[in-house]
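The values are calculated or read from the model by the stated rules, or taken from the named source; none is laboratory data. The structure displayed is predicted, hence computed values, not measured ones. When we count neighbours, we look across all protein chains shown, and the Cβ atoms used for this are built from the backbone with ideal geometry, even at glycine. Protein only, heavy atoms only, side chains kept; ligands, DNA and RNA dropped before computing areas. Shrake-Rupley method; radii C 1.70, N 1.55, O 1.52, S 1.80 Å.
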Amino acid sequence: MNYIWIIPLLPLLGFLINGLLANKLKFSEKLVGIVGSTTIAIAFLLSTFAVIEYSSWSKQPENREKPFISQQCSYVWLDGGEAAISEGKEAGKA
């Protein structure tokens, strides 16, 4: 999963190459199509490999119960205690 950051950058790279350089360098329509299709196809393949890698990672016994929990850091993302106690009303008002 070290390469997952590349996935959204590949279509952007294809857009930049086709959008900025195609007219200046006089790319043919065929070359523009190849650049666009290739960057999307590589992003798709990397996404597929990332899903396969993640599914094999989550099948490991130590990751089976909580596949989305990282042992590197622990924090509360969203504390909903106040809303549950007040049932959506402002605190202190009945």
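The figures follow:
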| read-out | value |
| --- | --- |
| Scan of the stretch 17-30 for residues that are of a type in the set (A, V, I, L, M, F, W, C) and open to solvent by 70 Å² or more (accessible area, probe 1.4 Å), ordered by number | 20, 21, 25 |
| Output for the stretch 5-24, where each listed residue is part of a loop (DSSP other than H, G, I, E, B) and out of contact with any helix residue (DSSP H, G or I) (no Cβ under 9 Å at 6 or more places or on another chain) | 23, 24 |
| Subset of the stretch 35-67 (residues that are at pLDDT below 95, surrounded by 12 or more Cβ atoms within 10 Å (Cβ to Cβ) and of a type in the set (S, T, N, Q)) | 47, 58, 63 |
